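Inspection log for the structure reproduced underneath, given as structure tokens.
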Amino acid sequence: MTQTIAKGPEELADIARRARIQILDAVAHAKGGHVGGPYSAADMLAALYFDILNIRPDEPDWPERDRFVLSKGHSSIALYTMLALRGYFPVEELRTFDAINSRLQGHPDVTITPGIDMSSGSLGLGFSGALGMALGAKAQGKDFMTYVMLGDGECNEGVVWEGAHVGARYGLDNLIAIIDHNKLQQFGWRGETVAERITPYTDNQLADRWRAFGWHVLEVDGHDIAAFLTTMDDAKAVVGSPVAVVAHTIKGKGVSYMEGDYTWHSKVPTDEQFAIAMHELGADSGGEQ
Amino acid sequence: MSTLTPGKALRVAFGETITELARTDLRIVVLDGDTGSSTRTDIFENEHPDRFFQMGITEQNMLGMAAGMATLGLIPIVSTFSCFIVSRAHDSIRVLIAQPKLNVKLMGGYAGLLAGMTGKTHLMFDDVSIMRSMANMTVVAPADEIETRQALKAIIDYPGPVYFRLTRPNSPIIFDDDSRFEVGKAVVVRQGSDVTVFSSGTQTARAFEAAEILAGEGIDVHLVHVPTIKPLDVEAIVAEARRTGRVVTTEEHTIVGGLGGAIAETLGEHAPLPIRRHGLQDVFGESGPDDALLEKYGISPEKTADAIREFVQS
């Protein structure tokens, strides 16, 4: 019984647009933070927090809630923004991101932030925590779902494949792993020039690897919200094995000069860049900031 | 000269006790890193197969999964060799267990010098130093099968992460059934007046035997067992040290940062006294029979007595 509060893909896309505005505002205000990864994940996070997840913002620790773990924890500002827009805490609090004594730490901290189900940030570990939630739910006879989002660069980590093996071994069909396959990592391997970086996984490599580890694999355009919702429905219907949704995305999606540029993994915009981004995101034409 | 009664290995007492506790405490689950036939979680698997989770050889993942299970109110008991928990999965413990203060019990099996012909890769005797330096972590090293049983019961009801040190060989019995383990409390094992000896874990039995050797020479050892290295029983450490005015620490562990380190830090601040740290030096281990290893690395009862004697007579 999902507590759906958005009216459909168009409204979810608008939530994602507003989230991108808030994300860049928070990073600019903090003078630090990640942008590219939060932007590649924003559409999927909007779909999760405003449609897919069965959660109660006024009761963050509700035991029967669906779990969500942002294993790519460096995209924390995207998660905080979605939690704020969903009502877990005031949107104004996003401007405390990375400030001293803030509940909104650089990487998610389960001990202080409402709505965070697991700390993450050392890559690959959030995934194993999510697997434990799913296995524990099976042991307790609970029927909530556990969702976990990983980066494609994060899939370099050995612990991801340790967990992939064990998750398949226990047939964790109550867990869906979403891989934000934005084709870039922080620095990555060099291409023809220094500015050109090579995707960590080409063609079908990522899907093939998850499949080889015994996971049911679905692929989707992570910016096509209608398709993503359908894919997640399909994923929930899978019985007997965990599902990896390989979501093809664009790092920095939504702002022209950021898209596909690895340097926007983590960078603070200049005033001019900030103005251009806000214009492109519709912040100066009735859009919310 | 009194001698100690032979006893079971701590690992056996561990396997039996968690199996017994799980009969009434349904929160308990066991995660095994493919070593259950050695660490004796096989005893648990036989009786509670539905609450035994084989994790294979995936230590980093296993500790992370334990954290996830703990968020649901389960009490995961994670078991494999100490080296693979403390050293290999250190980051999982730090980020997913210690920082969130999750209720995971870490069972470091085959800890110390005596890990059955395995050599330096498996001999883990810096585990206490490493776990002691991690915020939010409690560190317990029991002496014998009786204390192991009592301490396991205590830590199950003690919220938060606990590192529990377990060893492989059979260990002599120090305590009787009337003794009571309490987290954070040191206990006087033998009253004496010449030198205070602090020991922990299975080294306490060797320290006791050393004290008996020295008693025959007119050196009266005051032996204090310190099963909880963190939080340290500062009050008792200071009081028992002052009782004789000089201190030896002894442990089946490196002298860097373990029990000896903790007590030297404590006495340095609260009661500066002459102190000698005895234990494994700043080295890695090697393969060999238990007796040969204890002799070569200097922590047999005789070698322990030598160290105490030398200190007292210096």
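Working carefully through the options A:VAL91, A:VAL148, A:VAL110, find the one that is within 14 Å of another protein chain (Cβ to nearest Cβ), among the aliphatic types (A, V, I, L, M) and farther than 18 Å from A:LEU175 by Cα.
A:VAL110
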Could you tell me which residue of the range B:24-39 is farthest from B:ASP157 (Cα to Cα), considering only residues that are among the β-branched types (Val, Ile, Thr) and more than 10 Å from chain A (Cβ to nearest Cβ)?
-> B:THR35
Tell me, please, whether a residue that is within 20 Å of A:ASN54 (Cα to Cα), more than 9 Å from every other protein chain (Cβ to nearest Cβ) and in contact with a Leu (Cβ under 6 Å, 6 or more places away or on another chain) can be found in the range A:151-171.
-> no
Regarding A:ASP98, is this residue touching a helix residue (DSSP H, G or I) at 6+ places or on another chain (Cβ under 6 Å), assigned to a loop (DSSP other than H, G, I, E, B) and among the acidic types (Asp, Glu)?
-> yes
Failed condition for A:THR193, given (1) among the hydroxyl-bearing types (Ser, Thr, Tyr); (2) at the interface with chain B (Cβ under 9 Å from one of its Cβ atoms); (3) free of Cβ contacts under 8 Å to residues at least 40 places away in the same chain = (2)
Checking A:THR231, A:THR202 in turn, the sole residue that is at pLDDT below 95, out of contact with any Phe, Trp or Tyr (no Cβ under 8 Å at 6 or more places or on another chain) and under 23 Å from A:SER75 (Cα atoms) turns out to be A:THR202
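For (1) buried (at least 16 other Cβ atoms within 10 Å of the Cβ); (2) in contact with a Phe, Trp or Tyr (Cβ under 9 Å, 6 or more places away or on another chain), each residue gets a yes or a no:
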| site | (1), (2) |
| --- | --- |
| A:ILE176 | yes, yes |
| A:ILE179 | yes, yes |
| A:GLN185 | yes, yes |
| A:ALA195 | no, yes |
| A:ILE198 | no, yes |
| A:LEU206 | yes, no |
| A:ARG209 | yes, yes |
| A:PHE213 | yes, yes |
| A:HIS223 | yes, no |
Determine whether B:LEU106 is under 14 Å from the mean Cα position of the chain (by Cα) and closer than 15 Å to B:LEU294 by Cα.
-> no
Could you grab the pairs with beta carbons closer than 7 Å, sequence gap of 6+ or different chains, first residue in the range A:41-61 and buried (at least 24 other Cβ atoms within 10 Å of the Cβ), second one polar (S, T, N, Q) and at pLDDT 95 or above?
-> A:ALA41/A:SER75
Cβ pairs under 9 Å, 6+ apart or interchain, first in the range B:202-222 and among the polar types (S, T, N, Q), second surrounded by fewer than 21 Cβ atoms within 10 Å (Cβ to Cβ), ordered by first then second residue, are B:THR202/B:PRO169; B:THR202/B:PRO172
Scan the range A:116-142 for residues that are more than 24 Å from B:THR58 (Cα to Cα) and either surrounded by 22 or more Cβ atoms within 10 Å (Cβ to Cβ) or of a type in the set (Phe, Trp, Tyr) (or both) and report the count.
-> 1
Across the range B:40-72, what is the number of residues that are under 25 Å from A:GLU64 (Cβ atoms) and more than 8 Å from chain A (Cβ to nearest Cβ)?
-> 0
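Which residue out of A:GLY115, A:GLY129 is not in a loop (DSSP other than H, G, I, E, B) and not polar (S, T, N, Q)? Working first, answer last.
On the way: A:GLY115 fails: not in a loop (DSSP other than H, G, I, E, B).
None of the other options fit; the residue is A:GLY129.
The values are calculated or read from the model by the stated rules, or taken from the named source; none is laboratory data. Since the model is a prediction, treat every value here as computed from it, not as a measurement. Ideal geometry is used to build each Cβ from the backbone, glycine not excepted, and the neighbour counts take in all protein chains shown.
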